[in-house]
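Reviewing the structure listed below.
The values are calculated or read from the model by the stated rules, or taken from the named source; none is laboratory data. Just so you know, these numbers come straight off a predicted model, no measurement behind them. Every residue, glycine among them, receives a Cβ derived from its backbone with ideal geometry; neighbour counts consider all protein chains shown. For the accessible areas, the whole protein counts, side chains as well, though only heavy atoms, and no ligand, DNA or RNA atoms are used. Shrake-Rupley method; radii C 1.70, N 1.55, O 1.52, S 1.80 Å.
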Amino acid sequence: MDPLLWPVRAFIYEHFAATARAPSAADVASRFGLSMDEAGALLRALHERHALFLQPGADPPRVRMANPFSAIVTPFQCLVGGRTYFANCAWDAFGIAAALHASQAEIRAVCAASG
């Protein structure tokens, strides 16, 4: 197993927390002094271990979600510290607030059944 695997995963979560966005493969490569191929291989290895999920078919690989964070716009939002984080579901919106240790958060969600 690559010794950078879990540090890269931690970096992805730190980046999400700091920016409300997923880091790119180029961000991973830059942070760890890797080639784009090496960064892509690490992202794919994390995906294969279900530690995160990649955007299908994206080349270079692109993080789609690292639970509870979503890299795509969803109807489930958690507003913390002036940033809007997107969640994969309503429960994950609460998970984002907890992961960020937010003393105050605003959760916005739409009922999937009724709109």
Net charge near Thr84, counting Lys/Arg +1 and Asp/Glu -1 over other residues with Cβ under 13 Å of its Cβ? +2
So how long is each side of the chain along the principal axes, counting just the alpha-carbon atoms, biggest first, in Å? 44, 30, 21
Excluding Ile72 itself, what net charge comes from residues whose Cβ is under 11 Å from its Cβ, given Lys and Arg +1 and Asp and Glu -1? +3
Name the residues whose placed amide hydrogens come within less than 5 Å of the amide hydrogen of Ser70, ignoring near sequence neighbours (fewer than 5 apart) on the same chain. Phe86, Ala87, Asn88
In a shell of Cβ-Cβ distance under 10 Å around Arg21, excluding Arg21 itself, what net charge do Lys and Arg (+1) and Asp and Glu (-1) give? 0
Of the options Ala51, Cys89, Ala41, report the single residue whose Cα projects farthest towards the positive end of the charge dipole of the chain (beta-carbon charges: Lys, Arg +1; Asp, Glu -1). Cys89
How many percent of the accessible area of the chain is carbon or sulfur, using a 1.4 Å probe? 55 percent
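Would you calculate a helix-derived [θ] at 222 nm for the chain, using -39,500 (n - 2.57) for each DSSP H run of n ≥ 4 and dividing by the full residue count, to the nearest 500?
-12500 deg cm²/dmol
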Student exercise, the chain dipole from Lys, Arg, Asp, Glu Cβ charges, in Debye to nearest 20: 220 debye
Cα coordinate range in the stretch 33-83, projected on the principal axes (Å, largest first): 34, 22, 18
